[in-house]
1. Mind checking which strands (runs of 3 or more DSSP E) fall wholly inside the stretch 19-138 and carry at least 1 residues that are within 30 Å of ILE4 (Cα to Cα)?
2. I need the full set of residues from the stretch 67-78 which are in contact with a Gly (Cβ under 7 Å, 6 or more places away or on another chain) and buried (at least 20 other Cβ atoms within 10 Å of the Cβ), in order please.
3. Look through PHE58, PHE22 and report the one residue that is within 16 Å of the ligand (Cβ to nearest atom) and touching a Leu at 6+ places or on another chain (Cβ under 9 Å).
4. Taking the criterion of being of a type outside the set (D, E, K, R), touching a His at 6+ places or on another chain (Cβ under 9 Å) and modelled with pLDDT under 95, would at least one residue in the stretch 98-113 satisfy it?
5. Would you point out which residue out of VAL147, VAL125, VAL81 is under 21 Å from SER21 (Cβ atoms), free of Cβ contacts under 8 Å to residues at least 12 places away in the same chain, away from the ligand (no atom under 16 Å from the Cβ) and surrounded by 14 or more Cβ atoms within 10 Å (Cβ to Cβ)?
6. Checking THR86 against (1) in contact (Cβ under 8 Å) with a residue 12 or more places away in the chain; (2) of a type outside the set (A, V, I, L, M, F, W, C); (3) exposed (fewer than 14 other Cβ atoms within 10 Å of the Cβ), only one condition comes out false. Which one?
7. List pairs: first in the stretch 35-48 and at pLDDT 95 or above, second part of a loop (DSSP other than H, G, I, E, B) and surrounded by 10 or more Cβ atoms within 10 Å (Cβ to Cβ), Cβ under 6 Å, 6+ apart or cross-chain?
8. Which of the residues that make up the stretch 1-17 are touching a strand residue (DSSP E or B) at 6+ places or on another chain (Cβ under 9 Å) and in a loop (DSSP other than H, G, I, E, B)?
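The values are calculated or read from the model by the stated rules, or taken from the named source; none is laboratory data. In this text, all values refer to a predicted model and were calculated from it rather than measured experimentally. Cβ sites come from the backbone with ideal geometry, for glycine too, and all protein chains shown count toward neighbours.
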Amino acid sequence: MAAIFSFKCASCDDIHEGSPSFAFHAPDPFLAQPEAVQAAGHLGSDLCRYEDADGSHFFIRVLLEVPIHGIEDPFLWGVWVSLSETNYQRYVDTYDAPATSDRYFGWFCNRLPWYPDSLNLKTEVHPRANHQRPFIVLEESGHPLAVDYHQGIGVQRAQEIAEAAMHGTA
Ligand SMILES: [Zn+2]
């Protein structure tokens, strides 16, 4: 059986145990809006929308799982993607009984620490049953996050990214 991730942190000297997990409470484009636009919109734990001069924008909270070589649990990122209005409505309509064969196109809507700008990477959203958040598959590209997602990362790199995310050492 694969091991549990744990390391002695170079930043704070503590032992951090368990595979790293970081979450964003809102999509970056929402946070970039003026207060009035945010107030007229909606931000929940799984859904977000707002309207600006370009029209309406729709987001859902999803999970990105990056495998860590030799470790049981993946490196988890709780992030947001933007969907078309049709797909957003479909996700809302099937929220309590997701159609797990549905696939939605989503634009990646958070900038992860450590990585080069991850905004607007292309993703495919896979809804899951039992009120688990959907997971995303990143489109294959040369972006380091997409490469890590498809190839997995070593323990050393996982530690570096976790330290950057926890302590802002990116
Ligand atoms: Zn630390």
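1. Once the strands (runs of 3 or more DSSP E) in the stretch 19-138 are filtered for at least 1 residues that are within 30 Å of ILE4 (Cα to Cα), what remains is 21-23, 55-66, 75-83, 104-108, 122-126, 135-138.
2. The answer is ILE68, and nothing else.
3. Only one candidate passes the filter, namely PHE22.
4. yes
5. Answer to the selection: VAL147.
6. So THR86 meets the others, but not (1).
7. The qualifying pairs are LEU43/ALA26; CYS48/PRO27.
8. We begin by selecting, within the stretch 1-17, every residue touching a strand residue (DSSP E or B) at 6+ places or on another chain (Cβ under 9 Å); these are 2-9, 14-17.
Of everything in the stretch 1-17, those that are touching a strand residue (DSSP E or B) at 6+ places or on another chain (Cβ under 9 Å) and in a loop (DSSP other than H, G, I, E, B) turn out to be ALA2, ILE4, PHE5, CYS9, ASP14.
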